[in-house]
1. Identify, from the list A:Gly133, A:Gly120, the residue that is closer than 24 Å to A:Arg188 by Cα and in contact (Cβ under 8 Å) with a residue 12 or more places away in the chain.
2. Just the residues that are within 16 Å of DNA strand B (Cβ to nearest atom) and either of a type in the set (A, V, I, L, M) or over 15 Å from the mean Cα position of the chain (by Cα) (or both), please, taken from the range A:185-220.
3. Run down A:Gly48, A:Gly20, A:Gly58 and say which single residue is within 30 Å of A:His240 (Cβ to Cβ), small (Gly, Ala, Ser) and modelled with pLDDT of 90 or more.
4. Can you tell me which residues in the range A:16-57 are in a helix (DSSP H, G or I), crowded, with 17+ Cβ neighbours inside 10 Å and not basic (Lys, Arg)?
5. Are any residues in the range A:227-260 within 14 Å of DNA strand B (Cβ to nearest atom) and more than 27 Å from A:Val107 (Cβ to Cβ), and if so, which ones?
6. Quick one: count up the residues across the range A:96-111 that are of a type in the set (Val, Ile, Thr) and either touching a Phe, Trp or Tyr at 6+ places or on another chain (Cβ under 6 Å) or within 16 Å of DNA strand B (Cβ to nearest atom) (or both).
7. Give just the number: which of (1) more than 16 Å from DNA strand C (Cβ to nearest atom); (2) touching a residue at least 40 places away in the same chain (Cβ under 8 Å) does A:Glu86 not satisfy?
8. Can A:Ala148 be described as at pLDDT below 90 and assigned to a helix (DSSP H, G or I)?
Amino acid sequence: MPELPEVETVRRQLAPRLEGRMLVVYRVSDPRWTAPRAPNEVLGPLVGRRVERLQRRGKYLIAAFEDELFLLMHLRMTGNLLYDAEPGAPYTRAILGFDDEHTLSFVDPRRFGTGWLLAGEPELDAYLDARLGVEPFSDDFTGEHLRALARGSRAPVKAFLLDQRRIAGVGNIYADEALFRARVHPLREAGRLTRAQWELLRDTVREALSEGIDANGASIDDFRDLDGARGSFQDRFLVHRRAGEACPVCGGPVRKLLAAGRGTYVCERCQPRPRGARIVPMTR
DNA sequence: GTGATAACCTGGGTGC
DNA sequence: TGCACCCAGGTTATCA
């Protein structure tokens, strides 16, 4: 599933190929990609304009065109961006053609991904600020900041990490890996974590995300990089998707349970279960 | 205001 | 073998 490292992987590969290029043509085969706006409303204004830079904010990939026009793309669960994909590749939702005769295809079997146009920096900032919290690699991402955000919260810390309005870019995989490394149970109430636990969690979130970026992301089912190659972070998972296997630290069993409505992997020897936590085991 | 849940969507896995 | 059902999960809307 594309989370921050997967989107950053695509951004790093795509930026040198796209920056400076002019959009000359587009074809949208699935209008849902730009819904509720029509594809022409979203992509029409970009034709004849050059990409000045490619940015990432949370899980959004942002192509900044001339005249402060911004194309926001979100891969959601199964979206992929492919460079010079085969014509007629299955599940292609949109194709952008550039003045160097290369193409960028948005491919997405489950059709959750989106493309969105924003005009002007203020509109971009307002859109992102309403949806996204602190960036994990920014100076503001501190244990003290996280602790302040969680003060009084009774939500499980797993739900807290997944809430994009608080922390931008962390998804199910990296939340599991960060919590395991910090030895914090995903069902522990966010507001009850100690200062030391927040400091540690801040470090392990960054650590897991950095390793993910170094590995060009994780490819469990669908994610591929720009050229269709798989990432390798899935080979370094410590607990995620390892139910029934031995914990790499203590040898205890890795369990799968439900937290924040998501399949969640945990070693309850390393991550002690909070008193009174209601466990919903998952068998699949 | 906060937290939980459903809906969106479709490929793949499971059970009968 | 074939069919029906369930699950996966990021985001948003809705409900309690």
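The values are calculated or read from the model by the stated rules, or taken from the named source; none is laboratory data. The model shown is predicted, which means the values in this text are computed figures rather than measured ones. So basically every Cβ, Gly included, is an ideal-geometry build from the backbone, and we count neighbours across all protein chains shown.
1. Answer to the check: A:Gly133.
2. Those that are within 16 Å of DNA strand B (Cβ to nearest atom) and either of a type in the set (A, V, I, L, M) or over 15 Å from the mean Cα position of the chain (by Cα) (or both): A:His185, A:Pro186, A:Leu187, A:Arg188, A:Glu189, A:Ala190, A:Gly191, A:Arg192, A:Leu193, A:Trp198, A:Ile220.
3. Details: A:Gly48 fails: within 30 Å of A:His240 (Cβ to Cβ); A:Gly20 fails: within 30 Å of A:His240 (Cβ to Cβ).
None of the others qualify; the one that does is A:Gly58.
4. Once the filter is applied, which keeps residues that are in a helix (DSSP H, G or I), crowded, with 17+ Cβ neighbours inside 10 Å and not basic (Lys, Arg), the range A:16-57 yields A:Leu18, A:Trp33, A:Pro39, A:Val42, A:Leu43, A:Leu46.
5. Selection gives A:Ala243, A:Gly244, A:Lys256, A:Leu257, A:Leu258, A:Ala259, A:Ala260.
6. Pass one, the range A:96-111, residues of a type in the set (Val, Ile, Thr): A:103, A:107.
Next cut, either touching a Phe, Trp or Tyr at 6+ places or on another chain (Cβ under 6 Å) or within 16 Å of DNA strand B (Cβ to nearest atom) (or both) only: A:107.
So the count comes out to 1.
7. Tallying (1) more than 16 Å from DNA strand C (Cβ to nearest atom); (2) touching a residue at least 40 places away in the same chain (Cβ under 8 Å), A:Glu86 fails exactly one: (2).
8. Numbers: at pLDDT below 90: no; assigned to a helix (DSSP H, G or I): yes.
Taking the combined requirement at face value, the residue does not satisfy it.
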